[in-house]
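Heads up, the thing below is written out as C-alpha cells.
Every number in this text was worked out from the coordinates using simple rules, so none of it is lab data. What you see is a predicted model; the values in this text were computed from it and never measured. With ideal geometry, Cβ positions are generated from the backbone for all residues, glycine too; neighbour counts draw on all protein chains shown.
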C-alpha cells in the first residue's frame with residue numbers, strides 16, 4: 001500500500017499507470033470504512049449475532065462512497 005499526498009503527486013510517480021485509477025482510494029474513504037461497526041464492534045459479545053446488520057452498513061458505506069476504490073467495493 002502506498003500513500004500519496006495528492007492525486008497530482010500520485011500521477012507524478014514513476015510507476016503510475018492510469019489503468020489503475022479505479023483502484024485508488026482516498027484516505028478519507030478508508031477511514032470511513034474502517035470506522036464502521038464491522039470493525040468498531042469486533043469485541044462486543046453479540047458481534048456475530050449482529051454481523052448481518054454490520055455488513056449491511058458496510059456495504060451501504062462502500063456503495064455510496066466515491067473515495068473508495070473499485071477493488072474495495074467488490
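The order of 54, 47, going from fewest to most other C-beta atoms within 10 Å of their C-beta, is 47, 54.
Counting 0.36 nm for each residue step from residue 17 to residue 62 and taking away their Cα separation leaves a gain of 13.8 nm.
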